[in-house]
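To start, the structure under review is shown below, and the notes come after it.
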Amino acid sequence: MTVKETKLKGCFIIEPKIFNDSRGYFFESFNQQTFNALINHEVNFVQDNESFSSKGVLRGLHYQTGEHAQAKLVRVIKGSVLDVVVDLRKDSPTFGQHETVELTETNKKQLFVPRGFAHGFVVLSDTAIFSYKCDNFYNKASEGGIIYNDKTLDIDWRLPNEDLIVSEKDLVLPNFESRF
């Protein structure tokens with residue numbers, strides 16, 4: 001397994017070692033001890049989530065605040081997504097900056113999103129199954145978000161705006177400047 005820190009401190013791209021042969025493949029998708037050693041931080045995941053979406057579905061940008069903030073380890077089981085994280089830590093030198101990573105069923109990359117980040121993704125393939133671990137339980141009262149097309153963040157979602165499928169809830173999220 002290899003780990004590469006992104007330009008956003010504490011946010012890591014994780015690439016597993018994949019063993020292929022005539023039968024197919026095998027890889028260890030998660031090992032708590034190895035994971036904590038690689039990111040040099042102890043994270044205890046308590047909840048796993050999975051979503052199925054069609055091409056153009058954009059989910060995000062979401063986050064949890066306060067004591068209910070969540071770190072996530074995200075990956076794609078089937079299909080391809082453009083995964084996006086935004087650093088919301090006001091004391092961070094990369095506050096307000098974002099990182100994008102293409103996660104696919106083929107590359108098997110995972111992205112570790114630390115607490116204090118907004119997260120979202122858009123489906124690039126016909127369909128996608130997206131899986132993620134969280135280190136804290138979801139709390140509706142602590143949820144927050146930023147509109148996906150925020151002008152300050154200027155995220156390139158790689159698909160034309162007219163092809164995006166965004167929930168009514170996500171369409172009314174505030175912009176970055178009004179929130180931070």
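The values are calculated or read from the model by the stated rules, or taken from the named source; none is laboratory data. Here the structure is a predicted model, which means the values were calculated and not measured. Here the Cβ is made from the backbone with ideal geometry for all residues, glycine too, and neighbour counts use every protein chain on show.
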Inset, instruction - Report, ordered by the first and then the second residue, all pairs with beta carbons closer than 6 Å, sequence separation of six or more or different chains, a first member in region 52-74 that is in contact (Cβ under 8 Å) with a residue 60 or more places away in the chain, and a second member that is in a helix (DSSP H, G or I). - result: G56/D163; Q64/S142; T65/S142; G66/S142; H68/S142
Legend entry - Test for D91: is it without any contact (Cβ under 8 Å) to a residue 24 or more places away in the chain, surrounded by fewer than 19 Cβ atoms within 10 Å (Cβ to Cβ) and either within 16 Å of L8 (Cα to Cα) or aromatic (F, W, Y) (or both): yes
Inset, instruction - State all residues of region 145-180 that are farther than 19 Å from E99 by Cβ, in contact (Cβ under 8 Å) with a residue 40 or more places away in the chain and not aliphatic (A, V, I, L, M); if no residue qualifies, say none. - result: D163, S167, D170
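Please state which one of V81, V74, V86, V113 is buried (at least 19 other Cβ atoms within 10 Å of the Cβ), over 23 Å from T2 (Cβ atoms) and at pLDDT 95 or above. Outline the logic, then answer.
Numbers: V81 fails: over 23 Å from T2 (Cβ atoms); V74 fails: over 23 Å from T2 (Cβ atoms); V113 fails: over 23 Å from T2 (Cβ atoms).
Result of the check over V81, V74, V86, V113: V86.
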Legend entry - Single condition Y148 does not satisfy, out of (1) out of contact with any Leu (no Cβ under 6 Å at 6 or more places or on another chain); (2) under 20 Å from L164 (Cβ atoms); (3) of a type in the set (F, W, Y): (1)
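Table: residues versus (1) surrounded by fewer than 12 Cβ atoms within 10 Å (Cβ to Cβ); (2) over 26 Å from S80 (Cβ atoms); (3) at pLDDT below 95.
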site	(1), (2), (3)
F30	no, no, yes
Q33	yes, yes, yes
H41	no, yes, yes
S51	no, no, no
L61	no, no, no
